[in-house]
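J.: I have a structure here, written as structure tokens, and I will follow up with some questions on it.
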Amino acid sequence: MLQFPETQHNSRSNLREVPTIQTNTLAAVGHVVANYPDTAADHVDSIAAHLDADAKRARNNAAGFLADIAQEHPADVITYVTELANRLDDPNIQARINASIALLQAGEANPDAVRDQHQHLEDALTDSSPDVRANACTLIANAHAPVPKEKLRDLRANDPNEAVRDRAARALQRLTDE
């Protein structure tokens with residue numbers, strides 16, 4: 001379904017269209033997957049292959065797809081925890097947000113796999129996006145990731161975003177209560 005075979009292109013316009021076709025295909029199918037995650041569960045490998053696409057929208061859509069699929073099939077997506085964690089450093093904010101959501105969903109299947117990505121999670125605590133920072137707090141707590149609690153305390157006290165402060169507080173509570 002979402003495979004883009006390597007082909008010979010005889011014109012420059014075809015070469016420029018490949019990322020657009022890739023992006024548009026992922027976007028169109030994304031509307032279906034968001035409502036019916038089971039429809040793409042058999043295509044996780046093909047979707048995950050686009051996490052490293054040159055086109056930022058293709059990366060965004062691939063991470064978003066995986067987040068949608070992970071709602072119903074977290075064990076199928078957790079296989080790509082490293083690739084998703086790498087997207088937490090993506091230059092595009094939407095790719096980072098989508099990757100953090102996919103990690104939240106998939107992390108339920110294997111918190112240990114997420115815990116192994118603790119450096120990416122720690123780095124995400126300073127992301128420009130409050131969504132990424134908030135999700136990183138939750139991921140750290142859910143996975144009991146070895147991230148210095150001082151970083152969470154700082155967010156709880158000083159983050160400009162109320163949701164981030166709340167999630168940091170909940171993460172600290174969960175990490176100290178258990």
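J.: Residue by residue through segment 47-60, what is 3J(HN,Hα) from phi via Karplus (6.51 cos²θ - 1.76 cosθ + 1.60, θ = phi - 60°)? Round to whole Hz and write x for glycine and proline.
T.: Once θ is set to phi - 60°, the couplings for segment 47-60 become 5, 4, 4, 8, 5, 10, 4, 5, 6, 4, 5, 5, 5, 4 Hz.
J.: Hey, can you find the accessible area per residue of segment 52-145 for me, probe 1.4 Å, expressed in square angstrom? Don't skip to the answer; put the middle values down first.
T.: Numbers: 3660 Å² over 94 residues.
For segment 52-145, the solvent-accessible area averages 39 Å² per residue.
J.: Using the Karplus curve 6.51 cos²θ - 1.76 cosθ + 1.60 with θ = phi - 60°, work out ³J(HN,Hα) for each residue of segment 123-135 in order, rounded to whole Hz, and write x for Gly and Pro.
T.: Taking θ as phi minus 60°, the curve returns 4, 5, 5, 10, 4, 5, 8, x, 4, 5, 4, 5, 5 Hz for segment 123-135.
J.: Under the Karplus relation 6.51 cos²θ - 1.76 cosθ + 1.60, θ = phi - 60°, what is the ordered set of whole-Hz ³J(HN,Hα) values for segment 106-118, x standing for Gly and Pro?
T.: Each residue's phi maps through the Karplus curve to give 6, x, 5, 6, 7, x, 4, 5, 6, 4, 5, 9, 4 Hz.
The values are calculated or read from the model by the stated rules, or taken from the named source; none is laboratory data. Just so it is clear, the model here is predicted, and its values are computed rather than measured. Remember, those area values only see protein heavy atoms, side chains included, never the ligands or the DNA or RNA. Shrake-Rupley method; radii C 1.70, N 1.55, O 1.52, S 1.80 Å.
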